[in-house]
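One structure is given below, encoded as structure tokens.
The values are calculated or read from the model by the stated rules, or taken from the named source; none is laboratory data. Bear in mind that the values here come from a model prediction, so they are computed numbers and not experimental data. Heads up, the Cβs are rebuilt from the backbone with ideal geometry, glycines too, and the neighbour counts pull from every protein chain shown.
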């Protein structure tokens with residue numbers, strides 16, 4: 001009996017975690033227009049070529065489970081994207097950090113108070129110059 005109650009409690013807890021995560025992500029990107037690739041490229045600073053800009057945006061989107069065409073330059077990895085990822089214990093941040101390290105030999109700054117997608121693109125452009 002207690003095992004059944006425990007199993008039900010665990011299942012309910014997992015369900016709540018998944019629902020809250022989905023809700024946070026939905027709140028973050030709700031109402032945002034999905035841009036086409038030319039619009040996405042023109043919305044972001046010209047620190048990188050179009051192909052690399054799209055590659056980085058796809059990495060961010062894939063890491064956090066968000067369509068990269070809904071990302072905006074002022075979206076903060078710390079304040080915005082981490083909310084969509086908070087119930088996954090920053091798995092998105094870890095995945096993004098791993099991918100950036102593998103593709104660009106780049107590590108994200110540790111414990112920044114703010115770090116936008118524009119900042120990330122600038123950091124990638126600086127790492128490519130080295």
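Just a few scattered comments:
- Check on residue 109, within 18 Å of residue 40 (Cα to Cα) and over 9 Å from the mean Cα position of the chain (by Cα): no
- Condition check for residue 121: surrounded by 19 or more Cβ atoms within 10 Å (Cβ to Cβ), within 27 Å of residue 31 (Cα to Cα) and either more than 12 Å from the chain's Cα centre (by Cα) or in contact (Cβ under 8 Å) with a residue 60 or more places away in the chain (or both): yes
- Test result for residue 84, modelled with pLDDT under 80, closer than 20 Å to residue 115 by Cβ and part of a helix (DSSP H, G or I): yes
- If the condition is being at pLDDT below 80 and within 16 Å of residue 62 (Cα to Cα), then the stretch 90-130 contributes 90, 91, 92, 93.
- If the condition is being closer than 20 Å to residue 76 by Cβ and part of a loop (DSSP other than H, G, I, E, B), then the stretch 92-110 contributes 106, 107, 108, 109, 110.
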